[in-house]
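Contents: one structure, followed by commentary.
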Amino acid sequence: MNPRTALPGTAAAAFLACAALLLLFLSGCGPQSGSTGTASTLNLFIWEEYLDPEVKEDFRKETGIRIIESNFGSNEDMLAKLQAGASFDVIVPSDYMVQVMRRMNLLHPLDHAQIPNSSNLDDWFHRFKYDPKHQHSIPFQWSTTGIAYNKKQVSPAPDSWAYLFDPVKAAPFKGRISLLNDPREVIGAALLHLGHPLNSTDPAHLARAEALLRAQKPFIAKYDSESFEDSLAAAETVIAHGWSGEIAVAQTENPDIAFVLPKEGAIVFVDNLAIPASAKNKDAAHRFINYLLRPEVAAKIANYTLYGSANKAALPLIDEEVKNGPGFLHPDNVPLHEIEDLGEATALYDQLWTRLKAD
Amino acid sequence: MTDASKGFRLLAAPLAFLALFFAAPLALVLAASLAARGQPLDWAFSLGAYQRMLDPLFAGVFLRSAALAAAATLTCLLLGFPLAYFIVRQPPPRRRLLYFLVLIPLTANSLVLTYSWITILRPQGFLDLALQSLGWFGPGPFVLLYTPAAVFLGLTYWYLPFMVYPIYASLEKVDFTLSAAAADLGATRRQTFLRIILPLSTPGILAGSMLVFIQCLCAFVVPDMLGGSKTLMIGSLIQQRFLTLPQDWPLGAAISITLLALIGAAVFLTLRLDRSPASPR
Amino acid sequence: MDFRPPRPRLDLPALFLRANAVLMYAFLYAPIAVLIAFSFSGSRYSALWGGFSTRWYEKLFTNAEIRSALLTTLALAAASTLLSTLLGTLAALGLARLAHRLRRWFETFFYFPVILPDIVMAIALLMFFRTFLPDSLGLPAMIAGHVAFNLCYVAVIVSASLKGFNPALEEAALDLGASPWRAFLRVKLPLIWPGILGGALLAAALSLDEFVIAFFVSAPGTSTLPIHIYGLLKKGVTPEINALASLMLAVSILLACLSLLLQKRNS
């Protein structure tokens, strides 16, 4: 370790680097050009791999507006970043997050005159309580939460949340069950199984759910929202509490994986397009949202992500196997519920979750 | 020029940098801990966050994280010290190579590497298959994954280099001719080690232990993944205050400030054990 | 030259040291082997081996966003390592000159950035930059955040190296007429060099892997690989991610080899 002759070179390099950095700081330049936002760029904040790259390219060719995509991995990350001051033009929050952001006045009211294509949306989305008149958000893609399982190892096919909660039904799969790592999803599933409303704030209901979840804990391998389909594919787990979109993708690789919505009821959620109040380029944002509502564009996206599309007009253009896949699963006999923002009462769920994990 | 003033001259640049990019944000955190809950917070003075922090649930989580961190630190020490010692005794060209080799794994992305661990540790994974082929553990699969043992393994894996490098740094300047002198005088190798080498490596042991302990305490991403997210760590608790709804940024800030005070005090007291003199003039 | 006392035939301690070393390196590299192996798996799920395939590497090379993120990540790591090594070493040298009592206070302060959880630091940094230096969001802000904690690691490790340093050596050099800079260069620096190098390596590794601060202070259009990987993992653990991680590993191995070669040639 002799720096004797290497040192002058290293020192010079270090000095130059520092000088360069100082200049960077003082001039405030960097690879980003987006903080002032010219009229020809649009800052999009979206889930990873949720938009076919071709769509961005097509949009640029048609309008000259360049889309700069940034990604987040969870609604909460997105919210925190916006709250701490970051600026984006179009964001993609999930339904409950739209409700939260509306409450916090973080969203810009949409100018529907600029989004005529919203007539392509399926009327089904008017039943959702988070933004029924689409004042602040436009439904983009939807997904359900249900039970994924390995067809070869789990027979007969599960049809109820009991396969996750009931000691008798779950016993053969002990240690090979995974649940989502999300308090609303997990507690919600317990509530649905017990016959209580999904968004209940009744302490008696929640107490029963907590008891059920505690009894269940020894049976499960893990709480995981990221790689539940990976574990299923590896036969590490045989039953997974999971989202339809991910399972649709997993199925393309491993046909043994199946997905079902439990008969007591399942959870549906919608990812939406919205414009933050702090957006710098609201006109381009409206144009982009309108563009995404075109049937052929929405179909392209659905064929790429395999998630359910909110666009009714796009349905004829979507591949058959995608429409028959888990992403679009929507049987009539299964009630679908949405997770609603509970305001301050969310603390009840949060405390339950912390207690459950702190054991 | 006195030593102290020369010392301060050297410290000027790093302290200035920290003043701007650490102390200023830290002041914000302190202010946030004294703010009221809001969306995300209300800049009105309130001690509510510190009151909410007194929930016994938090104390339990903190103690468990501390216990796990202490266990992992001890293991890193027991495994890392011999490793550092081994490397430093090697002849120079091999020594450099071995030194680098310790760190290379950590330049790979930690999330991806943790998934690789999961592949190894899962039932029917490499470890399980290897053990089965050796005839151990009978019929059932060897379950290590999603247990506290896996968390412990993960922490030890990630923070081993943080123990090895400080210890190596303090050992490398040990004049091994001293051990020759000691041997001449009839000392056994054990005495040489206990009386000369170990005391000289104390600064490295202390620095390494503190770095490992602190990071283990606040780590949660890797422990969460390897533990199946079934146990709550203090780092996760703090993260949740900022991200999970309902948000409580003041509480997250308050817990962080308290952690800073507690661990800072512990560090300060531990440094007392380090009796190295300053360079006198 | 190593004057060891005469050894008994079966040298248990040396055997133990060697065995421990072998075990530790195996431990450190086991998941690396798996990571690289599965980057060549044809199946989409890295849990299953799907036959040898290089399709993930092909996919990566054609992805412009990933390429740009890779460059940003490397630039970030290089800049933050250089700056933090410089500042951290200065800090350690300065600390060494303080009297024991005073030094303890400052040394404790240098542990603070390590103690503060990264989510707190990240949000505070974003708010700070947003208010005072909004145009520096993105790479400069990421570098600032990383250097803030990296310099402390360097300071702590180099400090450990400096303690127990025999000042008589440096004094002797000065008595013999050497200038302070030369005395430093020829006497002190070679002895603390492993500490500096170790701190620098750790700083680089931490920067390459850091997600939280990078996510919060990134500007639209600047993304780092950890941010991408975090988001991609939400979509499933594909071998593409393994390929990405393997590429970064290749880069760091390359850099390590380069520096080893340079050192060999110089000495």
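The values are calculated or read from the model by the stated rules, or taken from the named source; none is laboratory data. Source: prediction; values computed, not measured. Neighbour counts run over all protein chains shown; Cβ positions are idealised from the backbone, glycine included.
Which residues, taken from segment C:96-148, are of a type in the set (F, W, Y) and touching a residue at least 24 places away in the same chain (Cβ under 8 Å)?
Those that are of a type in the set (F, W, Y) and touching a residue at least 24 places away in the same chain (Cβ under 8 Å): C:F110, C:Y111, C:F112, C:F129.
Can you name the number of the only condition in (1) more than 16 Å from the chain's Cα centre (by Cα); (2) of a type in the set (G, A, S); (3) buried (at least 22 other Cβ atoms within 10 Å of the Cβ); (4) farther than 24 Å from C:T85 by Cα that C:A245 fails?
Status for C:A245: all satisfied but (1).
Before we move on, is C:L93 crowded, with 17+ Cβ neighbours inside 10 Å, within 15 Å of the chain's Cα centre (by Cα) and among the aliphatic types (A, V, I, L, M)?
Spelling it out, it is not the case that C:L93 is crowded, with 17+ Cβ neighbours inside 10 Å, within 15 Å of the chain's Cα centre (by Cα) and among the aliphatic types (A, V, I, L, M).
Quick one: would you say A:H126 is over 18 Å from the mean Cα position of the chain (by Cα), at pLDDT 90 or above and not acidic (D, E)?
no
If you check B:Y168 against the conditions, is it within 22 Å of the chain's Cα centre (by Cα), crowded, with 24+ Cβ neighbours inside 10 Å, facing another protein chain (nearest Cβ under 10 Å) and under 26 Å from C:P226 (Cα atoms)? Walk me through how you get there before you give the answer.
Details: within 22 Å of the chain's Cα centre (by Cα): yes; crowded, with 24+ Cβ neighbours inside 10 Å: yes; facing another protein chain (nearest Cβ under 10 Å): yes; under 26 Å from C:P226 (Cα atoms): no.
Spelling it out, it is not the case that B:Y168 is within 22 Å of the chain's Cα centre (by Cα), crowded, with 24+ Cβ neighbours inside 10 Å, facing another protein chain (nearest Cβ under 10 Å) and under 26 Å from C:P226 (Cα atoms).
Since C:G50 meets every condition but one in (1) surrounded by 24 or more Cβ atoms within 10 Å (Cβ to Cβ); (2) over 23 Å from the mean Cα position of the chain (by Cα); (3) within 11 Å of chain A (Cβ to nearest Cβ); (4) not β-branched (V, I, T), which condition does it not meet?
(1)
With respect to A:L232, is the statement that it is within 23 Å of the chain's Cα centre (by Cα) and within 14 Å of chain B (Cβ to nearest Cβ) true?
Answer is yes for this residue.
Checking the condition more than 15 Å from C:I227 (Cα to Cα) and either at pLDDT 85 or above or not assigned by TED's automatic domain parsing to the domain that holds A:N290 (or both), which residue from A:F25, A:F45 passes?
None of the others qualify; the one that does is A:F25.
Residue under question is C:L162, and the condition is that it be of a type in the set (A, V, I, L, M), under 22 Å from B:G208 (Cβ atoms) and out of contact with any Phe, Trp or Tyr (no Cβ under 6 Å at 6 or more places or on another chain); does it hold?
Judged against the criteria, C:L162 is a match.
Being in contact with a helix residue (DSSP H, G or I) (Cβ under 8 Å, 6 or more places away or on another chain) and more than 8 Å from chain A (Cβ to nearest Cβ) is the filter here; which residues of segment B:55-69 pass it?
B:F58, B:F62, B:S65, B:A66, B:L68, B:A69
Can you name the condition, by its number, that C:F215 falls short on among (1) touching an Asp or Glu at 6+ places or on another chain (Cβ under 8 Å); (2) away from chain A (no Cβ under 12 Å)?
Here C:F215 meets the rest and fails (2).
Before we move on, is B:L113 more than 9 Å from chain C (Cβ to nearest Cβ), part of a helix (DSSP H, G or I), modelled with pLDDT of 85 or more and within 26 Å of the chain's Cα centre (by Cα)?
Answer is no for this residue.
So B:D42 fits all but one of (1) closer than 26 Å to C:L162 by Cβ; (2) over 29 Å from the mean Cα position of the chain (by Cα); what number is the exception?
(1)
In segment A:321-340, what count of residues is obtained for those that are under 15 Å from A:L192 (Cα atoms) and crowded, with 16+ Cβ neighbours inside 10 Å?
So the count comes out to 6.
Tell me which residues, restricted to segment C:93-123, are within 7 Å of chain B (Cβ to nearest Cβ) and of a type in the set (D, E).
Within segment C:93-123, just C:E107 meets the criteria.
Looking at (1) within 28 Å of B:Y165 (Cβ to Cβ); (2) surrounded by 18 or more Cβ atoms within 10 Å (Cβ to Cβ), find the lone condition where B:A13 falls short.
Here B:A13 clears every test but (2).
Would you mind stating whether C:F38 is closer than 26 Å to C:T224 by Cβ, at pLDDT 85 or above and hydrophobic (A, V, I, L, M, F, W, C)?
For C:F38, the condition - closer than 26 Å to C:T224 by Cβ, at pLDDT 85 or above and hydrophobic (A, V, I, L, M, F, W, C) - is met.
Count, please, the residues in segment B:218-258 that happen to be in a helix (DSSP H, G or I), out of contact with any strand residue (DSSP E or B) (no Cβ under 8 Å at 6 or more places or on another chain) and aromatic (F, W, Y).
So the count comes out to 1.
In segment B:1-47, what residues are under 13 Å from C:G94 (Cβ atoms), among the small types (G, A, S) and more than 7 Å from chain C (Cβ to nearest Cβ)?
B:S5, B:A12, B:A16
Given the criterion surrounded by 24 or more Cβ atoms within 10 Å (Cβ to Cβ) and more than 9 Å from every other protein chain (Cβ to nearest Cβ), identify the matching residue among A:G242, A:G195. Talk me through it step by step, then tell me what you get.
Details: A:G195 fails: surrounded by 24 or more Cβ atoms within 10 Å (Cβ to Cβ).
None of the other options fit; the residue is A:G242.
What tally of residues in segment B:87-120 results from selecting those that are within 30 Å of A:S227 (Cβ to Cβ) and not polar (S, T, N, Q)?
14
Could you check segment B:141-156 and list, in sequence order, the residues that are facing another protein chain (nearest Cβ under 7 Å) and assigned to a helix (DSSP H, G or I)?
none
Of (1) modelled with pLDDT under 90; (2) assigned to a helix (DSSP H, G or I); (3) closer than 30 Å to C:L262 by Cβ, B:Q90 satisfies all except one. Which?
It is condition (2) that B:Q90 fails.
Regarding C:A172, is this residue farther than 30 Å from A:S87 by Cβ and either facing another protein chain (nearest Cβ under 9 Å) or in contact with an Asp or Glu (Cβ under 8 Å, 6 or more places away or on another chain) (or both)?
The answer is no for C:A172.
Of the residues in segment A:62-81, how many are more than 14 Å from chain B (Cβ to nearest Cβ), in contact with a Ser or Thr (Cβ under 8 Å, 6 or more places away or on another chain) and outside any strand (DSSP E or B)?
The initial filter retains those residues of segment A:62-81 that are more than 14 Å from chain B (Cβ to nearest Cβ), namely A:62-71.
Applying the additional criterion that residues be in contact with a Ser or Thr (Cβ under 8 Å, 6 or more places away or on another chain) yields A:64-68, A:70-71.
Checking the rest, the ones that are also outside any strand (DSSP E or B) come to A:64-65.
Residues meeting the conditions: 2.
Restricting to segment A:288-334, and then to whatever is under 14 Å from A:S118 (Cβ atoms) and either modelled with pLDDT under 90 or among the β-branched types (V, I, T) (or both), can you tell me which residue is farthest from the chain's Cα centre (by Cα)?
A:V297
Go through (1) over 25 Å from the mean Cα position of the chain (by Cα); (2) at pLDDT 90 or above and name the single condition A:V168 misses.
(2)
Quickly run through segment B:215-260 and pick out the residues that are hydroxyl-bearing (S, T, Y) and within 20 Å of C:Y230 (Cβ to Cβ).
B:S229, B:S236, B:T244
State yes or no: is C:L93 assigned to a helix (DSSP H, G or I) and either hydrophobic (A, V, I, L, M, F, W, C) or touching a Phe, Trp or Tyr at 6+ places or on another chain (Cβ under 6 Å) (or both)?
So C:L93 passes the test.
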